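Visitor: I'd like to ask you about the structure that follows.
The values are calculated or read from the model by the stated rules, or taken from the named source; none is laboratory data. Computed from a predicted structure; not experimentally measured. Using ideal geometry, Cβ is built from the backbone for each residue, glycine included, and neighbour counts are taken over all protein chains shown.
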Amino acid sequence: MSYETSWPARAATGDVRAVVNAKPLSFVEGVAMIVGTNIGAGVLSIAFAARKAGFMPLLFWLVVVGLFTTVTMLYVAEATLRTRAHLQLSGLARRYVGRTGSWLMFASVCVNSLGALTAYMSGSGRLLQSLLGLPPSLGSVLFFLPAAGVLWFGLKAIGRSEKVICICMVAMLVLLFAATFLQPETHLAHLLEGNWLYMIPVFNVVVFCFSAQYIVPEMARGFSNKPEQLPKAIITGMGITFLLLAMVPLSVIALNGLANVSEVATLSWGEALGNWAFFSANIFALFAMLTSYWGLGGSLLTNIGDRFNWQVDSAARQRMLAMLLVVAPPFALAYSGLVSFVNALYIAGVFSGVVLSIMPMLILQNARKQGDTQPRWQCRRWLTHPLIKSVIVLIYLASALYAIASLFNLLPSGW
């Protein structure tokens with residue numbers, strides 16, 4: 001069986017690299033991969049995560065994190081375009097930062113992806129229980145079948161599936177938004193409730209919501225024949241992501257108030273609007289988990305191959321082993337009782353946020369010195385200004401320190 005790429009001999013540096021020979025992505029498929037990866041468990045949890053802080057602090061962080069994440073994604077995009085061979089984030093870090101940087105980046109990918117996939121296993125089981133009355137574990141198994149099936153067939157299958165389901169999700173959301181604001185129980189005054197004292201913990205869950213940094217190298221492979229479309233797809237996808245991430249909690253909080261937001265937001269949203277909306281909102285939630293599963297699961301799969309020199313695109317046995325490492329631990333963790341839905345995202349956001357605030361800067365800096373090619377597209381000079389970089393690093397480090405302090409009850413945890 002072939003998956004869509006072949007693997008060449010090792011380059012002189014010793015890195016294992018896939019020939020950039022993937023079936024090309026269309027622009028819409030690329031945008032859909034960004035939106036689908038971002039609109040996952042995070043969009044379902046941020047209303048609950050902000051139940052103490054309120055909507056306005058949440059909106060503030062959506063703007064700040066969305067802008068800075070887009071900047072770091074563009075750093076990765078340029079570094080990827082400067083590298084002739086296809087490397088994932090951990091491979092880029094190995095080449096341009098060194099072994100320690102590579103392991104840190106790989107750990108970030110693993111923690112973020114496993115945190116997300118664990119949340120999807122848990123959340124999908126609960127949603128299918130509420131929709132069909134199934135035991136949560138059986139619901140998770142039913143969710144797993146299409147999730148792992150598309151993942152197995154690779155980049156083009158993911159891109160096409162993301163496109164179709166993202167269009168369905170946007171249509172469902174437009175319908176739900178309209179129904180929400182026609183309800184007499186909807187009060188915009190709810191959006192002003194909350195306490196800014198609890199704003200910092202919300203940051204780490206918002207960081208997780210913009211988690212598509214990990215798929216930029218994979219997208220670059222699909223845009224290898226038209227690299228100038230890569231940054232355009234990133235910016236477009238992140239803009240759509242921001243609108244959806246803002247509108248879902250806005251609707252849920254305006255309708256229910258902060259006191260009545262469920263851990264998986266679509267449960268309380270659908271219950272408040274009626275049976276049709278209950279099913280629509282929760283089908284949307286399942287779609288959101290599914291599309292994000294494909295994006296993050298695919299990224300983790302290819303990073304495992306990159307880190308351990310496994311030919312996951314051409315060797316069925318090695319791909320199967322990597323797939324098991326991607327799909328089995330999240331299911332086990334979801335039903336271990338060790339982590340909750342939101343806590344899985346919070347912990348993932350803390351660690352991966354710090355790594356992803358620093359590593360793309362170092363990768364781009366060294367790629368400009370040591371890269372193979374001069375790309376047709378480069379980040380504008382102001383995007384790499386030291387002030388921009390310093391603000392990004394300070395915000396993420398301060399958030400991590402806050403998270404550590406809250407674990408020891410030295411600062412409000414927000415939960």
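Visitor: Do you know which of the residues in the range 159-200 that are surrounded by 17 or more Cβ atoms within 10 Å (Cβ to Cβ), of a type in the set (Gly, Ala, Ser) and farther than 18 Å from Val261 by Cα is modelled with the lowest pLDDT?
Guide: Ranking the candidates gives Gly159 first.
Visitor: Quick one: is Phe203 within 13 Å of Ile39 (Cβ to Cβ) and either of a type in the set (Phe, Trp, Tyr) or modelled with pLDDT of 80 or more (or both)?
Guide: Answer is no for this residue.
Visitor: Going through the range 173-191 one residue at a time, which ones are touching a residue at least 60 places away in the same chain (Cβ under 8 Å) and not hydroxyl-bearing (Ser, Thr, Tyr)?
Guide: Of everything in the range 173-191, those that are touching a residue at least 60 places away in the same chain (Cβ under 8 Å) and not hydroxyl-bearing (Ser, Thr, Tyr) turn out to be Leu173, Leu175, Leu176, Phe177, Ala179, Phe181, Gln183, Glu185, His187, Leu188, His190, Leu191.
Visitor: Do we have Lys369 as under 28 Å from Arg84 (Cα atoms), without any contact (Cβ under 8 Å) to a residue 24 or more places away in the chain and either in a helix (DSSP H, G or I) or among the charged types (D, E, K, R) (or both) here?
Guide: yes
Visitor: Also: In the range 270-320, how many are closer than 19 Å to Met172 by Cα and touching a helix residue (DSSP H, G or I) at 6+ places or on another chain (Cβ under 8 Å)?
Guide: The qualifying residues number 20.
Visitor: Follow-up. Do we find a residue being within 26 Å of Val206 (Cβ to Cβ), in contact with a Leu (Cβ under 7 Å, 6 or more places away or on another chain) and modelled with pLDDT of 80 or more anywhere in the range 315-324?
Guide: Checked the range 315-324: no residue is within 26 Å of Val206 (Cβ to Cβ), in contact with a Leu (Cβ under 7 Å, 6 or more places away or on another chain) and modelled with pLDDT of 80 or more.
Visitor: Sticking with this one: Pairs please, first residue from the range 387-415 and more than 18 Å from Ile46 (Cα to Cα), second anywhere and of a type in the set (Ser, Thr, Tyr) and at pLDDT 85 or above, Cβ atoms under 8 Å, 6+ apart in sequence or on different chains.
Guide: From the range 387-415, the pairs are Ile392/Thr72.
Visitor: Right, next: Would you point out which residue out of Val326, Val252 is within 24 Å of Leu132 (Cβ to Cβ), of a type in the set (A, V, I, L, M) and part of a helix (DSSP H, G or I)?
Guide: Within the list Val326, Val252, the selection yields Val252.
Visitor: Could I ask something else about it? Before we move on, is Phe278 in a helix (DSSP H, G or I), among the aromatic types (Phe, Trp, Tyr) and surrounded by fewer than 22 Cβ atoms within 10 Å (Cβ to Cβ)?
Guide: It is true that Phe278 is in a helix (DSSP H, G or I), among the aromatic types (Phe, Trp, Tyr) and surrounded by fewer than 22 Cβ atoms within 10 Å (Cβ to Cβ).
Visitor: Another one. Quick check on my filter: what residues within the range 372-392 are polar (S, T, N, Q), surrounded by fewer than 16 Cβ atoms within 10 Å (Cβ to Cβ) and assigned to a loop (DSSP other than H, G, I, E, B)?
Guide: The answer is Thr373, Gln374.
Visitor: I want to confirm something. Restricting to the range 140-149 and keeping residues that are of a type in the set (A, V, I, L, M) and surrounded by fewer than 21 Cβ atoms within 10 Å (Cβ to Cβ), which single residue is nearest to the chain's Cα centre (by Cα)?
Guide: Ala148
Visitor: In the range 27-53, what residues are at pLDDT below 85 and not in a helix (DSSP H, G or I)?
Guide: Selection gives Ile39, Gly40.
Residue-wise test of (1) crowded, with 22+ Cβ neighbours inside 10 Å; (2) under 27 Å from Gly91 (Cα atoms).
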{"site": "Thr236", "(1), (2)": "no, yes"}
{"site": "Ser251", "(1), (2)": "yes, no"}
{"site": "Ser262", "(1), (2)": "no, no"}
{"site": "Trp294", "(1), (2)": "yes, yes"}
{"site": "Asn303", "(1), (2)": "yes, yes"}
{"site": "Ser314", "(1), (2)": "no, yes"}
{"site": "Leu325", "(1), (2)": "no, yes"}
{"site": "Ala332", "(1), (2)": "no, no"}
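Visitor: Answer with yes or no whether Leu245 is in contact with a Leu (Cβ under 8 Å, 6 or more places away or on another chain), over 29 Å from Pro375 (Cα atoms) and of a type in the set (A, V, I, L, M).
Guide: In short, yes.
Visitor: Let me ask something additional. Spot the failing condition for Phe106; the list is (1) in contact with a Lys or Arg (Cβ under 7 Å, 6 or more places away or on another chain); (2) free of Cβ contacts under 8 Å to residues at least 12 places away in the same chain, and only one is missed.
Guide: (2)
Visitor: In addition: Would you point out which residue out of Ser299, Ser268 is part of a helix (DSSP H, G or I), surrounded by 24 or more Cβ atoms within 10 Å (Cβ to Cβ) and among the hydroxyl-bearing types (Ser, Thr, Tyr)?
Guide: Ser299 is the lone residue from the list that is part of a helix (DSSP H, G or I), surrounded by 24 or more Cβ atoms within 10 Å (Cβ to Cβ) and among the hydroxyl-bearing types (Ser, Thr, Tyr).
Visitor: Here are some residues: Gly194, Gly237. Which one is under 26 Å from Ala47 (Cα atoms), in contact with a Gly (Cβ under 9 Å, 6 or more places away or on another chain) and assigned to a loop (DSSP other than H, G, I, E, B)?
Guide: After applying the criteria, what remains is Gly194.
Visitor: Exactly one of (1) out of contact with any helix residue (DSSP H, G or I) (no Cβ under 6 Å at 6 or more places or on another chain); (2) more than 17 Å from Phe223 (Cβ to Cβ) is unmet by Phe55. Its number?
Guide: It fails just one condition, (1).
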